[in-house]
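Everything on this sheet refers to the single structure shown next.
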């Protein structure tokens with residue numbers, strides 16, 4: 001830190017089991033990755049190459065190398081997994097993971113319909129090869145999953161071998177965990193938390209108001225995902241109570257006095 | 001491509017007659033242009049220096065050189081053309097095009113009222129000097145042009161020598177082709193397409209939902225414009241059915257089977 | 001300028017007493033600062049390191065050096081001042097300003113409640129050390145300050161030694177000067193201007209429509225703040241009547257004629 005402030009909430013340090021910031025890279029150039037890491041690398045725990053952007057970006061191998069050198073794990077977005085399996089190319093996907101020396105992979109069903117037992121079998125298979133992150137929730141705003149079902153799915157996926165489960169919101173933050181307006185489905189989130197340990201969940205929260213909402217609910221060390229690269233520093237200040245939005249939240253109960 | 005997926009829609013290759021992505025540069029630095037081209041150059045067909053931003057950016061000649069070296073045509077936004085002609089400086093504008101060795105120019109009337117025959121005469125004159133792109137539609141949300149008139153204007157401008165016509169939406173995507181909410185004027189667009197070949201039209205579509213809407217209506221190789229530099233890779237995945245939004249659209253009718 | 005256009009409004013030149021563009025840097029990397037300055041440095045008068053982002057960015061000293069070399073003053077966002085004084089660490093804050101050789105500082109009460117006489121005393125103290133900019137208005141959308149009170153606060157702070165006063169809007173532009181929708185509180189702004197010289201006020205105006213609104217009300221040389229780095233060039237075109245939004249505003253009354 002550049003200077004010392006009293007009463008700043010304590011943050012987990014890397015490698016963090018909780019308080020994770022998962023960043024979405026949706027097509028950064030090599031220099032942009034370097035810029036991003038130079039300022040926000042310490043506050044970034046894991047990077048997702050959004051959906052199937054890795055199919056069209058020409059800089060894939062070099063980009064993976066830079067993230068690797070910075071000690072930051074990377075994985076391909078779940079839509080890429082779905083694009084392979086819907087075409088009957090699961091083994092090709094496994095070869096792609098090997099070819100690019102990936103150590104993490106996402107298993108999701110946001111764009112396809114798949115029997116949940118089969119999804120869990122994919123998790124089990126991939127868990128032998130890499131660390132699996134699995135995602136629950138549909139990208140289709142019309143598909144509303146009731147809370148008990150979210151819990152059932154999350155439990156089964158963690159048992160099948162997922163390291164963590166991601167709660168879906170898309171890049172835009174208006175499906176899954178959120179209403180079309182971006183407002184969090186509070187009842188859903190609270191019910192999930194009665195059954196699943198919060199360290200096991202990464203909440204996709206691309207909008208600032210959503211990040212603030214989760215930090216107020218679960219504290220500085222909540223796991224948040226789909227953070228845009230330029231928003232990692234702002235999010236870190238939200239976690240520390242150093243932005244207007246959470247400024248007073250973290251001061252409550254302290255015996256403070258403003259004086260010259 | 002970094003790996004092989006079956007059943008991915010075929011994209012035109014450069015130089016593309018259709019399936020064009022027109023990008024708006026509204027003041028990138030030299031390094032930012034280089035970053036952008038390093039990752040999205042292959043998916044960018046033509047670049048517009050938005051409205052009259054070229055008047056205030058200090059890096060104009062160098063920027064043009066970099067785009068030229070990458071084989072990507074560049075043109076000044078139509079508002080610059082309008083700024084010159086409204087001041088009676090058309091010949092000055094022609095000299096500016098020569099001075100900067102421009103090979104394309106836009107003719108538009110988004111901010112001014114001009115007799116259409118005179119607009120077509122400007123197109124004819126400039127077409128002797130450069131490749132002309134002309135724009136139809138007002139930047140003023142109160143000026144609603146009925147569909148038959150859009151068609152009449154587009155036809156006359158193509159006959160006057162425009163290489164392609166651009167359908168107006170602004171940087172924000174809430175006028176011209178779209179309602180104030182950003183929703184496409186479907187009836188307008190469908191009626192235009194009964195009379196004007198789609199290869200001749202570049203649809204301004206700055207918002208993701210608008211891009212998705214056009215790809216679903218007209219396929220992977222629709223011409224789209226006013227794309228932000230950082231959105232070229234995401235758009236390319238939309239064109240290929242590799243983002244949630246168009247994922248199922250391109251799989252319909254294929255006999256696919258998810259299996260381990 | 002890259003070419004000559006007649007009838008372009010005259011802009012103040014640096015160092016500007018009015019027509020100031022205050023930019024918000026919310027965590028740029030060193031290269032991003034260099035990119036930004038290379039294209040927009042001439043149009044940037046002062047930079048704010050947003051709220052307490054300086055606490056978490058690892059590049060602080062180097063960043064300050066680059067801005068200094070470019071001749072652009074920098075200051076820490078007011079939330080950082082508030083974070084220090086709410087913890088009883090005002091003297092620590094003064095030492096931080098010295099350590100980083102800051103020449104400007106912001107005094108604000110956007111996130112805290114503080115007796116106004118005490119706020120003015122902070123201004124008086126800091127004005128002995130640096131050039132003080134003070135901010136009026138709450139970040140809390142529920143706290144509506146009536147116009148006469150804005151005027152009273154601004155007057156007292158200018159008398160206490162503020163170089164300029166900033167009218168609050170946040171990074172998002174939906175509090176203070178604006179309604180929740182982002183629409184300017186016109187009556188408030190007009191009443192303030194009956195009592196406070198406009199050169200003494202920097203209006204936070206992060207949204208394009210807000211910038212356009214102020215340029216139309218107060219002309220090219222209005223002081224505007226919380227401008228995103230990538231929006232400095234676009235704003236400059238708005239100030240000059242070279243973007244659709246203000247194109248006709250600056251041509252009114254001129255005797256112009258469109259001709260070939």
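Here, each number is a calculation from the coordinates, and none is a lab measurement. Quantities reported herein were computed from a predicted structural model and do not represent experimental measurements. So basically every Cβ, Gly included, is an ideal-geometry build from the backbone, and we count neighbours across all protein chains shown.
Axis of helix C:90-99 versus longest Cα principal axis of chain C: the two differ by about 60°, to the nearest ten degrees.
Residue and whole-Å distance for the chain C Cβ lying nearest the axis of the C-onto-B rotation are C:31, 4. The same position residue A:117 in the other copies lies at 7.8, 7.8 nm from this copy, comparing label points 7 Å beyond Cα toward the beta-carbon, shortest first. Taken residue by residue and averaged, Cβ atoms of other chains lying within 10 Å of the Cβ of A:226-238 number 4.
For segment B:166-208, the square roots of the Cα gyration tensor eigenvalues, ordered a ≥ b ≥ c, give a/c of at least 1.5 with a/b no greater than b/c, which places it in the oblate category.
Shielding of peptide C:109-115 by partners, expressed as the average count of other chain Cβ atoms within 10 Å per residue Cβ, is 3.
On the principal axes of its alpha carbon atoms, segment A:96-147 extends 37, 20, 17 Å, with the longest extent given first. In degrees from 0 to 90, rounded to the nearest 10, what is the angle of the helix A:60-69 Cα long axis to the longest principal axis of chain A? Between the helix axis and the principal axis of chain A, the angle is about 40 degrees. If Rh is defined by the Kirkwood formula over all Cα pairs and Rg also comes from Cα, what ratio Rg/Rh do you get for segment B:142-184? That ratio equals 1.02. Histogrammed with a bin width of 5 Å, the alpha carbon distances of segment C:1-45 distribute as 5, 17, 21, 21, 18, 11, 5, 2 percent, first bin at zero. Among beta bridges from DSSP that stay inside segment A:21-247, the antiparallel ones total about 5%. Mean residue ellipticity, 222 nm, helices only, chain C: the sum of -39500 (n - 2.57) across DSSP H runs of n ≥ 4, divided by residue count and rounded to 500, is -11000 deg cm²/dmol.
Taking all Cα pairs closer than 8 Å and separated by 6 or more residues, the relative contact order of segment C:156-260 comes to 20 percent.
Put the Cα centre of segment B:178-254 next to the Cα centre of segment C:126-157 and the gap is 47 Å. Inter-copy label distances at residue C:42, 7 Å along the Cα→beta-carbon direction, one decimal in nm, shortest first? Here residue C:42 shows inter-copy label distances of 3.8, 3.8 nm.
Placing a label point 7 Å from Cα along the Cα-to-Cβ direction at residue B:191 gives distances to the equivalent points in the other copies of 4.8, 4.8 nm, listed shortest first.
Each Cα pair under 8 Å and six or more residues apart adds its separation to the average, and for segment C:21-247 the resulting relative contact order is 18 percent. Computed from Cα atoms, the angle from the helix C:208-218 axis to the main principal axis of chain C rounds to 80 degrees. GNM remark for chain A: springs join alpha carbons under 10 Å apart, and the peak mean-square fluctuation among A:246, A:113, A:79 falls on A:113.
Projected over every direction and averaged, the convex hull enclosing the alpha-carbon atoms of segment B:46-98 yields 3.6 nm².
Sorted from longest to shortest, the spans of the Cα atoms of segment C:86-204 along the three principal axes equal 41, 26, 24 Å. When chain B is treated as a GNM with alpha-carbon contacts under 10 Å, the residue of B:161, B:71, B:176 showing the greatest mean-square fluctuation is B:71.
Mean per-residue shielding of peptide A:240-250 is 6, counting Cβ atoms of other chains within 10 Å of each Cβ. Computed over segment A:33-155, the alpha-carbon pair-distance distribution with 10 angstrom bins reads 11, 42, 31, 14, 1, each value a whole percent.
All C-alpha to C-alpha distances of chain C, sorted into 10 Å bins beginning at zero, yield P(r) values of 7, 30, 36, 20, 5, 1, 0 percent in whole numbers. Tell me, rounded to the nearest percent, the portion of alpha carbon pairs in the protein assembly as shown spaced more than 41 Å apart. That fraction is 36 percent.
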